[in-house]
Structures are given as C-alpha cells and as structure tokens.
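*Asks:* Here's a structure for you.
The values are calculated or read from the model by the stated rules, or taken from the named source; none is laboratory data. None of the values given here were measured: they were computed from a predicted structure. Backbone-built Cβ (ideal geometry, glycine too); neighbour counts: all protein chains shown. In case anyone asks, the SASA skips ligands and DNA or RNA and just uses the protein heavy atoms, side chains included. Shrake-Rupley method; radii C 1.70, N 1.55, O 1.52, S 1.80 Å.
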Amino acid sequence: MQKFSTESKEGGSQPKWGVIAIVVLVILAVIIVVFNSFTVVNEGFIGVKYQFGKIVGQNLSAGLNFHIPFIEEIQQVDTREQVYPVTTDAYTSDTQTVDTLMLKLNYCYDASKLPEIIRTIGVNNVESKLLVPNVAKISKDEIGKVKAEDLVQNRSSVQNAIYNSLKETLEPQGIVVTAFAIENLSFDDAFEQSIQAKVIAAQDALKMQNKTAEKEEEARQKVIAAQAEADSQKIKADAEAYAIEAVQKQLTQSPNYIEYMKIMNWDGTLPQAIGTDVNPFIALGGSASGNTGNPSTPANTTPSGNGQ
C-alpha cells in the first residue's frame, strides 16, 4: 500500500510540469507576435506597408503602426530634404569651357507619388536613375545658351533657369525640387584674366564718370553761387538807387532835408576850427565838444565877418 501511494505521487507530478512548459511557450509566442505586430515610424519618415511584397498601405505617419506579423511588413522612407551635389564641366554659347562646374540640388519626395517611385524606380535608385542624368544635362543645356561673360555676370539668372527646368522635369516623377545652386564655376586662366581686366576697366570708367559728374556738379554750384551773388549785387544796387532817388525826391520837396540829415548823422563832436578863413577860431586844449572858453558863449558861434 505504501509503495503504490509513492508511485502515484511521482506519476502525478509529470503532467504538472508539462502544463507549465506549454503555458510558457504560449506566452513567449504571444509576446513575439505582439512585438512583431507593431513598427515604429520615426519623425521625418513615412511608412510603406507591404503584404507579401505588394504595397497595401502608404503614408503611414510617425509613431507606432500595426501590421499583421509574418504577413505584412512596414518599411520607412526618408521624406526629409536631401542634397545631391555634382561636379561636371560645360560649354558656353561662345565655346568657352567651364572646367569646374559645381552644382547642388536640394530635393525631397512627393509623398503622394512615393508608391509609384517605389514600383517603377525604387527609392535607392532615384539618384542614379533620375538625378544623375537630368541635373547634369539640364545644367549644361542652360549654360550652353549664354555667353561666358554673361554667365559670370548673371549667374543668378542662369541658376533660376536651371531650377525651373529641373522642376518641370523631376516633379512629375515625384521629386520635389526645393532649391538649386551653382556653387562654383571656373574657366581657363586666359579667359579669367580677360574678364578680370574688363571688370577693372569698367570700374575705372565708372570712377572717371563719377569724377566727371563731381566736377560738373562743382561747376554748377559755382554758377549758382555766381548768379546768386549777381542777383544780390543787383538787389543791393537797386536798393541804393532807390535810396538816392528817394533822397533826391526829398531834397526837391524840402530844401532843409540836408540840414536834417546832418543833425541825424552828427556824432556829437564839435569841429576844432570854426569861423572864416580871415578870422578862424581854433579850439585849444582838447576836444571841442560842449562849450569851450567862456561858458556863456556858445561853442559853435561863428565870428562875424568884421572880426568882432
């Protein structure tokens, strides 16, 4: 009886550990399935969902996105602005060679056309199949329409023409052109020296023009000043003539006007000699102002002709 009881206990312990193992396996399977059911899409990216290699979802936003494990998968595509640099050469319309032409294209993907890009080109092939042939070709075509001198002096206009042509070509294919720049261009030494000499000559001519304009302005100012001086003298002369005319008119109307003017212009100083040539009276001892000698005798009394 005791032996039978011991065997029953040992036999009963085997199913218990088997159940635990099965439960653990189930839990692990659930965890694996759950973890494989979600994919995190990072900021600046969009998610594209595939089901057995076929696109079934697009434009999945940043964050946690669900998919059926082992059946579907989500791949991230970088939609941020990207830069494509290229260095090439080109020829201008006057057959000048641009030895080093450095270009830079800024672009991003059109999210609405991204599935088409993935189907027809492949995101990893965009640069080699779209950018490499088009950027260099369009740039060379536009540069070939202008002279070398115009390219140097009006680089921005050529740059804008290339930018507009790239937009017309690439945007229908899902590539949004955000910016384009001609970062550097160089010609052979002889041409660059001729351009430099021409620029210096133009600057010298501009300096001479400025000097000529400055001299002309100085001459004009002198003429203005001379005219102003002449006008001032004329006004002054007219004023003096008017004054003389007024005086003459006043003399005609009033003979005593001269005596009045003497009184108005007298400074208060008496003459040192008064009288006639025969009997002059000369004041002695300093100023003749006020009374001299006898206080009762006026200083300006002129002796009579008989010497009294």
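*Asks:* In square angstrom, what is the accessible area per residue of the stretch 103-183 with a 1.4 angstrom probe?
*Replies:* Using a 1.4 Å probe on heavy atoms only, each residue of the stretch 103-183 averages 48 Å².
*Asks:* At a 1.4 Å probe radius, which order do Leu25, Leu105 fall into by accessible area, largest first?
*Replies:* Leu25, Leu105
*Asks:* Taking the Cβ of Arg119 as the center, what net charge do the other residues with Cβ under 11 Å away carry, scoring Lys and Arg +1 and Asp and Glu -1?
*Replies:* That works out to +1.
*Asks:* Follow-up. Give a residue-ordered list of calculated ³J(HN,Hα) values for the stretch 175-183 (Karplus: 6.51 cos²θ - 1.76 cosθ + 1.60, θ = phi - 60°; whole Hz; x for Gly, Pro).
*Replies:* Couplings: 10, 8, 7, 9, 6, 8, 9, 8, 7 Hz.
*Asks:* Moving on to the next point. Using the Cα gyration tensor of the stretch 109-195, with a ≥ b ≥ c the square roots of its eigenvalues, what is the shape: rounded (a/c below 1.5), prolate (a/b larger than b/c) or oblate (neither)?
*Replies:* prolate
*Asks:* If you take every residue apart from Tyr107 with its C-beta less than 12 Å away from the C-beta of Tyr107, what net charge results, scoring Lys and Arg +1 and Asp and Glu -1?
*Replies:* Spelling it out: positives minus negatives among the neighbours equals -2.
*Asks:* Students sometimes get this wrong: rank Asp94, Asp99 by accessible area, probe 1.4 Å, all chains present, largest first.
*Replies:* Asp99, Asp94
*Asks:* Please calculate how many Å² of accessible area the stretch 25-91 carries per residue, with a 1.4 Å probe and no DNA, RNA or ligand atoms counted.
*Replies:* Here the residues of the stretch 25-91 average 64 Å² of exposed surface.
*Asks:* Mind checking which lysines have their Cα closer than 23 Å to the Cα of Lys211? Skip sequence neighbours fewer than 8 apart in that chain.
*Replies:* Result set, ordered by chain and number: Lys198, Lys222.
*Asks:* In the stretch 32-66, whose amide N lies under 17 Å from the spot 7 Å out along Cα-to-Cβ of Asn124? List them in ranges.
*Replies:* Counting backbone N atoms under 17 Å from the label point, the list is 48, 50, 53-54.
*Asks:* How big is the C-alpha Rg of the stretch 66-159 next to the rule-of-thumb value 2.2 N^0.38 Å, as a ratio?
*Replies:* 1.52
*Asks:* Let me ask something else about it. At a 1.4 Å probe radius, carbon and sulfur cover how many percent of the accessible area of the stretch 16-105?
*Replies:* 64
*Asks:* Right, another one. How big is the Kirkwood radius of the stretch 37-120, worked out from every pair of different alpha carbons and given in Å to one decimal?
*Replies:* It works out to 15.4 Å.
*Asks:* While we're here: Compute the length gained on full extension between Val83 and Lys207: take 0.36 nm times their separation in residues and subtract their Cα-Cα distance, giving the result in nm to one decimal.
*Replies:* Full extension of this stretch gives 40.4 nm more.
*Asks:* Amide H of Gln96: which non-local residues (sequence gap of 5 or more, or other chain) have their own amide H closer than 5 Å, using H built in the peptide plane?
*Replies:* Correct list: Ala148.
*Asks:* Determine the alpha carbon to alpha carbon distance for each of Lys49/Lys167; Lys215/Lys236; Lys129/Lys167; Lys49/Lys113 and list only those over 20 Å.
*Replies:* Lys49/Lys167; Lys215/Lys236
*Asks:* Quick one: 3J(HN,Hα) in Hz for the stretch 220-227, Karplus 6.51/-1.76/1.60 with θ = phi - 60°, rounded, Gly and Pro as x.
*Replies:* Residue by residue, the stretch 220-227 yields 5, 5, 5, 4, 4, 5, 5, 5 Hz.
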